[in-house]
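Peer 1: Right, I'll just put the structure down here and ask away after.
The values are calculated or read from the model by the stated rules, or taken from the named source; none is laboratory data. Since the model is a prediction, treat every value here as computed from it, not as a measurement. Here the Cβ is made from the backbone with ideal geometry for all residues, glycine too, and neighbour counts use every protein chain on show. Accessible surface is based on the protein model in full, side chains and every heavy atom, while ligands, DNA and RNA are left aside. Shrake-Rupley method; radii C 1.70, N 1.55, O 1.52, S 1.80 Å.
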Amino acid sequence: QAEFLLWADKDLAELDRAFKDFAADPDANFFELDRIRKIAFSVKCQAGTFGFALASEVGRSLYNYAMKHDKGYTPERLSVLQKHIEAIRTIITKNIQGEGGPIGAELKDSLEKLVNKFA
């Protein structure tokens, strides 16, 4: 699990860079969206293996949202990406394992509502 946390820290740093570059100019930096997708997919696949089911679910949601939207990133859609990244960071830094109990359920619900609102 310690290796996973180191891996997750590196991926979060890369995710931050990719999001920052993408958000600066989504039309010109569209290739950064692909980096976001790849990292989200990696989180989705790896986190659950190490007991971070909630991080895996949030990674899945981020990946699906980024796959669904290739163009048209408004500030609201960018905020959907950002909220997912913030959620993954919180889960990892606070070592929230499993589904995260009531807080995890609330987090998943709020992200789902955000995704649906800016679909």
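Peer 1: Name the pairs whose Cβ atoms lie under 6 Å apart, with the first residue in region 52-65 and free of Cβ contacts under 8 Å to residues at least 24 places away in the same chain, the second assigned to a helix (DSSP H, G or I) and of a type outside the set (S, T, Y), and 6 or more positions between them or separate chains?
Peer 2: Within 6 Å, the pairs are S56/K44; S56/A47; S56/G48; R60/K44.
Peer 1: Condition first: in contact (Cβ under 8 Å) with a residue 60 or more places away in the chain and of a type in the set (A, V, I, L, M, F, W, C). Can you find one or more residues in region 68-82 that meet it?
Peer 2: yes
Peer 1: Out of region 83-113, which residues are β-branched (V, I, T) and free of Cβ contacts under 8 Å to residues at least 24 places away in the same chain?
Peer 2: Residues satisfying the conditions are T90, T93, I103.
Peer 1: Open to solvent by less than 40 Å² (accessible area, probe 1.4 Å) and either among the β-branched types (V, I, T) or modelled with pLDDT of 95 or more (or both): which single residue out of I88, I103 fits that description?
Peer 2: Matching residue, one of I88, I103: I88.
Peer 1: Looking only at residues that are assigned to a helix (DSSP H, G or I) and without any contact (Cβ under 8 Å) to a residue 12 or more places away in the chain in region 24-37, which one is surrounded by the most Cβ atoms within 10 Å (Cβ to Cβ)?
Peer 2: Here the answer is D34.
Peer 1: If the requirement is being in contact with an Asp or Glu (Cβ under 8 Å, 6 or more places away or on another chain), among the charged types (D, E, K, R) and part of a helix (DSSP H, G or I), which of these qualifies: D9, D21?
Peer 2: Step by step, each of D9, D21 is checked, and only D21 is in contact with an Asp or Glu (Cβ under 8 Å, 6 or more places away or on another chain), among the charged types (D, E, K, R) and part of a helix (DSSP H, G or I).
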